[in-house]
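Before we start, here is the structure in question, set down as structure tokens.
Derivation of every value follows stated rules applied to the coordinates shown; laboratory data play no part. If you're wondering where the values come from, they're calculated on a predicted model, not measured in any experiment. Because the Cβ atoms are built from the backbone with ideal geometry, glycine has one as well, and the counts that use them run over all protein chains shown.
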Amino acid sequence: MALVADELKAKAEVYYDDEICQQCTKLLLKEAGLPNGLLPLKDIMECGYVEETGFVWLKQKKRIDHVFQSLGRLVSYGTEITGFAEKGRIKKVKGIKTRELMMWVPVEEIAIDEQKTEKLICKSIAGFSKTFPASAFQIPEEEEKINCAIPKPVVLMERAPQVIKNK
């Protein structure tokens, strides 16, 4: 079952293809002030962002289980990840789980600690929270510029401009 409704997509900037979605994911994390390695997704097919609400979604081909080596922490990223991004946090997260005492625990919110900005707080739906060093989720940045405005998003293929070749 898809978590992103068509009505929501109509209001959003939608991007397709892994390369552009990877860039947009990094840009989203940067603009929110979150570590750039927080979402180590692969084969992203679609991503979208509704500016007026901050709603964001990412769809990947298959679930990814990732171990953050410096923490020894296993995190599972589902095929569809959603949440509401704002400065310093992503709340109402769906699609991310962490391994805790032999159980998978859904992550509901990821935020930078307001007093200690070098700390990242992950909260679960059960009310539990864990604090980690934000540096554990940071990866070295490449020097290339990230520009999600190019190419412009095409939500529906029938709305795409017709290509005419000159002779």
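Tell me yes or no: at least one residue of region 18-33 is within 17 Å of R63 (Cα to Cα) and of a type in the set (D, E, K, R).
Yes: region 18-33 contains one or more residues that are within 17 Å of R63 (Cα to Cα) and of a type in the set (D, E, K, R).
Considering only region 37-57, state which residues are assigned to a loop (DSSP other than H, G, I, E, B) and either basic (K, R) or in contact with a Phe, Trp or Tyr (Cβ under 8 Å, 6 or more places away or on another chain) (or both).
G37, L38, L39, P40, L41, K42, T53, G54
OK, next. Of all residues being among the basic types (K, R) and more than 25 Å from E51 (Cα to Cα) in region 79-125, which is farthest from the chain's Cα centre (by Cα)? Just the residue, please.
Filtering first and then ranking leaves K116.
Looking at region 94-122, I want the residues that are closer than 15 Å to S135 by Cβ and in contact (Cβ under 8 Å) with a residue 24 or more places away in the chain and have a partner that is charged (D, E, K, R) and outside any strand (DSSP E or B) with Cβ atoms under 8 Å, at least 6 apart or on another chain. Which pairs are those?
Listed pairs, sorted by first residue: L120/D113.
While we're looking at this one, here's another question. Scan region 81-121 for residues that are surrounded by 15 or more Cβ atoms within 10 Å (Cβ to Cβ) and hydroxyl-bearing (S, T, Y) and jot them down.
Hits for region 81-121 are T82, T98.
Mind counting the residues in region 33-81 that are among the acidic types (D, E) and on the phi > 0 side of the Ramachandran plot?
1
State yes or no: is L71 within 27 Å of A126 (Cβ to Cβ) and outside any helix (DSSP H, G or I)?
So L71 fits the description; yes.
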